[in-house]
Amino acid sequence: MKLPPLQWLAVAAVIVVVAAAASPTTNSPAAAAADKAEDDDDDGGSGGLDGVFPFKAIQLYNTVAGYLEYIFDMVIAPITGGVSNKKQTTSRVSYKKYQIIRVLPSDEDEVLDLEAMSEEPGVQVWMPIRLNNTADLVLPPSVARDVKRFLTQREINFVVLSSDLERSINKQNPKSPSLNQKSELKATKGHVMTWNRYHRYQDILDYLMYLSENYPHLVELLPIGKTIEGRPLKVVKISSGQTRENAVKPAIWIDAGIHAREWISPAVALFILRQLVENKSYRTLVSEIDWYILPMINADGYEYSHTVDRLWRKSRRTAATKSGRTLWDMSYGCEGVDLNRNWDWHWAGVGSSKDPCSDTFAGSHAFSEPETRAVSDFILDHRDRIQVYLTLHSYSQMWLVPWSHTKKLADDYDDMMYLARQATEAIQKVHGSQYRLGTTPSLLYTTSGCSDDWAKGKAGIKYSYTIELPDKGMYGFLLPAEKIVTTGKEIFTGIKSIAKSILKINSMKEKTKLIG
């Protein structure tokens, strides 16, 4: 078999990579622990390669192959007219035999060990690694065995939550109804939206259109822009249109779906939307408050998480549309921007990344993305009336208050906490669910460029909150669809509490003005 010169070069590079990976010198903590474990075996084990190769070989191979491909595409191909064999990732990503483990570091050394181990190729950190707090990590099959041996060697407590992530993914969402079932739903209900499964974006748009056509006295669809791939972004305004003389009607903003894999958040936003519009019991909330609800910010990423990669987080911005081909954006995973790091409030600071391949890539500049720009423009245009900003995320079951970028408390921290505490207490009365309450740095991690901080710091919305929906880690991002209604009822109860508090605050202000 004859190979072109460049392919021979690639083969030679791979041989070098494998040889380097097989060498005993390595910086991988998991691999080092694996080596030690093999050396300690009475029967001699299977040799030092086991545990070293999966880490270092993959890492070095990807690096060398990427540079070779870049040289070919940018230097050789334009001269010869050839093209590289690189293929875009369009087939569905499989998580077969991937494992989810939960770790509990008990001292700072263990935290450092886990942080180093989390840098191994393919390892995902679902929940942050913090002292005396559990953290959830996803392990690809190529490293799972060695990571668990590493943890055992270091005597770090862990438990396996799932031994096959793909099986867990397949169990999350019921199969899509057949065409006949959809036709029947549309004929009887006017739409195909249900709250026993996670729907695709077109179903969501169709439901918004249904509400606007059947409740024109309450619902108005406000197009605010398009995603990077051209999908429409539509805010639902819910309003009775009634206003009291000389009184500015307060408004509450709710958004969801800023992170693609957090399917429960848009589902809950749609549940809230349904209650406000289709349930006559809540007409008072609509007559006294206007509601602006954007059920989906990251529509592109959401669709991608349905069709290609269930655990995709970012938007779908491609590197070519940002700044052209670069040495670091050539592999799968380097597309997209973390839309919750792209806001113009301490942008690109702590907790965000300038690396396009990172899950927390903040973008080329603040509001570089059409999705965040569209939302921020709308909120700024209506900030004189929006008194509450709510953004729905998952998972961890928390009610978070600004600030996120610093451990310093906001001047009106107590005011925000008072309303949030009432909301979480109301939630607990529904099904007993407990939501932890506090700032993001105190409960999770310090981060910057987030929407809730921007809403408070730039838009001037006093009561700005991030709600981390269930669960606490049993399912993580894969909360079964059967939990949508339960979660929706709880969160709607908490939001009703916030709404009633705002009405009381406004009433007290009016009385004070009259007395004055």
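Figures for the structure shown
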quantity	calculated
Every residue from segment 376-390 that is aromatic (F, W, Y) and farther than 13 Å from L222 by Cβ	Y389
Scope segment 178-202; condition open to solvent by less than 90 Å² (accessible area, probe 1.4 Å) and either assigned to a loop (DSSP other than H, G, I, E, B) or closer than 26 Å to D377 by Cα (or both); matching residues	S178, G190, H191, V192, M193, T194, W195, R197, Y198, H199, Y201
Which listed residue, of S404, S396, is assigned by the TED database to the domain that holds I484, on the phi > 0 side of the Ramachandran plot and open to solvent by less than 20 Å² (accessible area, probe 1.4 Å)	S396
Residue in segment 160-180 that is within 16 Å of F477 (Cβ to Cβ), more than 19 Å from the chain's Cα centre (by Cα) and among the hydroxyl-bearing types (S, T, Y) present	yes
Of the criteria (1) aromatic (F, W, Y); (2) under 28 Å from A267 (Cβ atoms); (3) in contact with a Leu (Cβ under 9 Å, 6 or more places away or on another chain), which one W403 fails	(2)
Tally of residues being modelled with pLDDT of 95 or more and open to solvent by less than 20 Å² (accessible area, probe 1.4 Å) across segment 328-355	8
Test: residue in segment 436-458 that is more than 18 Å from the chain's Cα centre (by Cα) and within 30 Å of K171 (Cα to Cα)	yes
Segment 224-274, residues that are touching a residue at least 24 places away in the same chain (Cβ under 8 Å), more than 20 Å from T466 (Cα to Cα) and in a loop (DSSP other than H, G, I, E, B)	T227, I228, E229, R231, S239, S240, G241, Q242, A247, V248, K249
Exclusive hit being farther than 24 Å from M296 by Cβ, among the hydrophobic types (A, V, I, L, M, F, W, C) and in a helix (DSSP H, G or I), set F158, F150	F150
Residue within segment 106-128 that is within 24 Å of T360 (Cβ to Cβ) and over 27 Å from the mean Cα position of the chain (by Cα) present	yes
Candidates Q275, Q242 - the one that is in the same structural domain as Q387 (by the TED database) and open to solvent by 60 Å² or more (accessible area, probe 1.4 Å)	Q242
Only listed residue being within 30 Å of N170 (Cα to Cα) and open to solvent by less than 10 Å² (accessible area, probe 1.4 Å), chosen from E468, E490, E482	E490
Members of segment 125-145 that are in contact with an Asp or Glu (Cβ under 8 Å, 6 or more places away or on another chain), surrounded by 16 or more Cβ atoms within 10 Å (Cβ to Cβ) and of a type outside the set (V, I, T)	W126, M127
Matching residues in segment 444-462 - criterion: being open to solvent by 20 Å² or more (accessible area, probe 1.4 Å) and in contact with a strand residue (DSSP E or B) (Cβ under 6 Å, 6 or more places away or on another chain)	K456
Pairs, first farther than 28 Å from I101 by Cα and hydroxyl-bearing (S, T, Y) in segment 477-493, second open to solvent by less than 10 Å² (accessible area, probe 1.4 Å) and assigned to a helix (DSSP H, G or I), C-beta under 6 Å, six or more apart	T493/I427
Boolean, S265 is among the small types (G, A, S), touching a Leu at 6+ places or on another chain (Cβ under 7 Å) and open to solvent by less than 10 Å² (accessible area, probe 1.4 Å)	yes
Wholly within segment 383-484, helices (runs of 4 or more DSSP H) carrying at least 1 residues that are of a type in the set (K, R) and either closer than 28 Å to I505 by Cα or at pLDDT 95 or above (or both)	413-431, 451-457
Y198 vs. criteria touching a residue at least 12 places away in the same chain (Cβ under 8 Å), farther than 24 Å from R313 by Cα and hydroxyl-bearing (S, T, Y)	no
Index of the failed condition, N157 passing every other in (1) in contact (Cβ under 8 Å) with a residue 60 or more places away in the chain; (2) touching a strand residue (DSSP E or B) at 6+ places or on another chain (Cβ under 7 Å); (3) not β-branched (V, I, T)	(1)
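The values are calculated or read from the model by the stated rules, or taken from the named source; none is laboratory data. As the structure is a computational prediction, the values presented were derived from the model and not from experiment. We place every Cβ from the backbone using ideal geometry, glycine too, and count neighbours over all the protein chains shown. Each accessible area value is taken on the protein alone, full model and side chains, heavy atoms only, with ligands, DNA and RNA left out. Shrake-Rupley method; radii C 1.70, N 1.55, O 1.52, S 1.80 Å.
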